[in-house]
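*Asks:* Attaching a single structure in structure tokens format; questions to follow.
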Amino acid sequence: MAGVTEQEILDALAKVTEPGSGKDIVSAGLVKGLQIKDGHIGFSIEVDPKRGAELEPMRKLAEEVVYDIKGVISATVVLTAEKAQGGGAGAPGDNAPGGPPPGGPAPKIGTPDLLPGVKSIVAVASGKGGVGKSTTAVNLALGLAAAGHKIGLMDADIYGPSMPRMMGISGQPSSSDGKNLDAMENYGIKVMSMGFMVEEDTPMIWRGPMVQSALEQMLRDVNWGELDVLIVDMPPGTGDAQLTMAQRVPLTGAIIVSTPQDIALLDARRGLNMFRKVDVPVLGLIENMSYFTCPHCGERSEIFSHGGARAEADKLGMDFLGEIPLHMDIRKTSDSGRPIVVSDPDSEYAKAYRAIADKTWDNIQQTIAQQAAKAPKIVVQ
């Protein structure tokens, strides 16, 4: 059977009109970035950001008409803007993508109504790429699951999704209720990634606002079910995706991953400061690639130095969660889709990840308790 064609989608979208102009969104040139893969459809509708809330019904209608096309399994539609509003040189961040709108911060999407079964959300971040953040996020999630917790894993790296390969999951998500996608699952962990929607070597040529909307929809429009912790594997750096998660999602806290070398710690410090500026608690710092032990002679080499992350954590007044050595088995198992926590649970490396998971769980519970204590109490007399 032939797949869904671009023309079929555009014909359906021609039935959706833009309220202001009365034109259909196709002839008005508002449909951007259309992607089709095995019945999964994604695109953006370009609008004035000031009218985002007003045009939400239009977005939903566009999603519905595409979903009604025979052969469509899922439809992901986001509202995005061509240009940031406002001109001139304001204060830093005044008009930054993902920044708060005039008059106050943007409303957070992770309210109990939108993520009713998710008790806590933890971002795993790094100031730069190449420090093993995704490998750490996967094994941390598996370590938490090994302790009996219900865990979800969301791949927030839209441009370089790696969770499908690392978690050994292939195929596309389905929808049991006809509205939201069901999270994929392996090793007892629920997973969602943009990598399930496109081919592994397909580049995501999306602007910042599209990325922000896609991240929100991966949270809002996915059936996550009951979770103790949702681990979010962040893209490296401090850009749009990080700001979106920090400002629009009720993060319980963030974990920073770094190697011990000075340049990586400098970038990690930037990530830490970003989370602190947006009032997201930092649960701790993990030193990855801490040292290397030769498998033949047993000699230990500190390739990227050693102990830098622990010293940095002490200096900045944050918890040091643990160190993970540089070892071929960790890399091989991640590449093969059988992370070391599940493929070799008795290894010293799996034990190190589980120890970090235990500390992380304790810090999550402490943070939740502190946040509850700070909440205002209403007294009726």
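Values in this text are rule-based calculations from the coordinates and carry no lab data. These numbers were taken from a predicted model, which means no experiment stands behind them. Ideal geometry is used to build each Cβ from the backbone, glycine not excepted, and the neighbour counts take in all protein chains shown.
*Asks:* So how do Val198, Val138 line up by other beta-carbon neighbours within 10 Å, fewest first?
*Replies:* Val198, Val138
*Asks:* Can you sort Glu323, Glu287 from fewest to most other Cβ atoms within 10 Å of each residue's own Cβ?
*Replies:* Values: Glu323 19, Glu287 30.
The order, fewest Cβ neighbours first, is Glu323, Glu287.
*Asks:* Still on this structure, I have one more. With respect to the cross-link table entries Lys133/Lys277; Lys150/Lys190; Lys119/Lys150; Lys119/Lys190; Lys150/Lys332, which display a Cα-Cα separation exceeding 18 Å?
*Replies:* Flagged as over cut-off: Lys133/Lys277; Lys150/Lys332.
*Asks:* Check the straight Cα-Cα distances from Lys60 and name the aspartates and glutamates below 17 Å, setting aside those fewer than 8 residues away within the same chain.
*Replies:* List returned: Asp11, Glu18, Asp24, Glu46, Asp48, Asp68, Asp177, Glu216, Asp221.
*Asks:* Then there is this: Could you give the size of the charge dipole of region 244-381 about its Cα centre, using +1 on the Cβ of each K and R and -1 on the Cβ of each D and E, expressed in debye and rounded to the nearest 20?
*Replies:* Taking the Cα centre of region 244-381 as origin, the dipole is about 680 debye.
*Asks:* Based only on other Cβ atoms within 10 Å, what is the fewest-to-most ordering of Ser175, Ser44?
*Replies:* With the sparsest Cβ surroundings first, the list reads Ser175, Ser44.
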